[in-house]
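Each remark here refers to the structure printed beneath this line.
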Amino acid sequence: MNVTSDCRVVTEILSRIGDKWSVQVVAQLGCGPKRFNELRRMIGDISQRMLTLTLRGLERDGLVTRTVYPTIPPRVDYQLTGLGCSLLKTVRALGDWARENHAEIIEARRRFDSQDEQNPEAA
């Protein structure tokens, strides 16, 4: 087992799926196919350019498919692939974990920040 190459593989994949926009796109597409502007409205503060880049990256990695319908204007739908659906399970589990542990994390931050303020030389 080559730990260095394993770390590179994991880092490469996590850099794609670990950013906030990819996670949100995967989560939204978990509810079914969506059009570009529908995704943009649902995600909120993502720019058109960032959504385009995110969708292209997810498509390149085989997580999302892009289907163009020959209408005027052309209709384009984005949908999770089988691989994307398997990622969705992990994304949902991570979201559940975050919700379940949010209060504990906030309390830990409060304690840490309080200690930091009381002992500024420790930093």
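Name, by its number, the condition in (1) in a helix (DSSP H, G or I); (2) at pLDDT 90 or above; (3) among the polar types (S, T, N, Q) that does not hold for Gln115. It is condition (2) that Gln115 fails. Of Thr67, Thr4, all but one fail to be of a type in the set (Val, Ile, Thr) and touching an Asp or Glu at 6+ places or on another chain (Cβ under 6 Å); the exception is Thr67.
Pairs meeting the criteria (first residue in segment 59-80 and free of Cβ contacts under 8 Å to residues at least 60 places away in the same chain, second residue assigned to a loop (DSSP other than H, G, I, E, B) and of a type outside the set (S, T, N, Q), beta carbons under 8 Å, at least 6 apart or on different chains) are Thr67/Pro33; Val68/Pro74; Asp77/Pro33; Tyr78/Pro33; Gln79/Gly32; Gln79/Pro33; Leu80/Gly30; Leu80/Leu63.
Among residues of segment 27-56 that are on the phi > 0 side of the Ramachandran plot and hydroxyl-bearing (Ser, Thr, Tyr), none has a Cβ under 6 angstrom from a residue that is assigned to a loop (DSSP other than H, G, I, E, B) and surrounded by fewer than 16 Cβ atoms within 10 Å (Cβ to Cβ) at a sequence gap of 6+ or on a separate chain.
Candidates are the residues of segment 54-101 that are surrounded by 12 or more Cβ atoms within 10 Å (Cβ to Cβ) and basic (Lys, Arg); the one that is nearest to the chain's Cα centre (by Cα) is Arg92.
Table: residues versus (1) assigned to a strand (DSSP E or B); (2) modelled with pLDDT under 95.
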site	(1), (2)
Asp45	no, yes
Arg49	no, no
Leu55	no, no
Glu59	no, no
Val68	yes, yes
Ile72	no, yes
Val76	yes, yes
Gln79	yes, no
Leu88	no, yes
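The values are calculated or read from the model by the stated rules, or taken from the named source; none is laboratory data. What you see is a predicted model, and the numbers here were worked out from it, not measured in a lab. We place every Cβ from the backbone using ideal geometry, glycine too, and count neighbours over all the protein chains shown.
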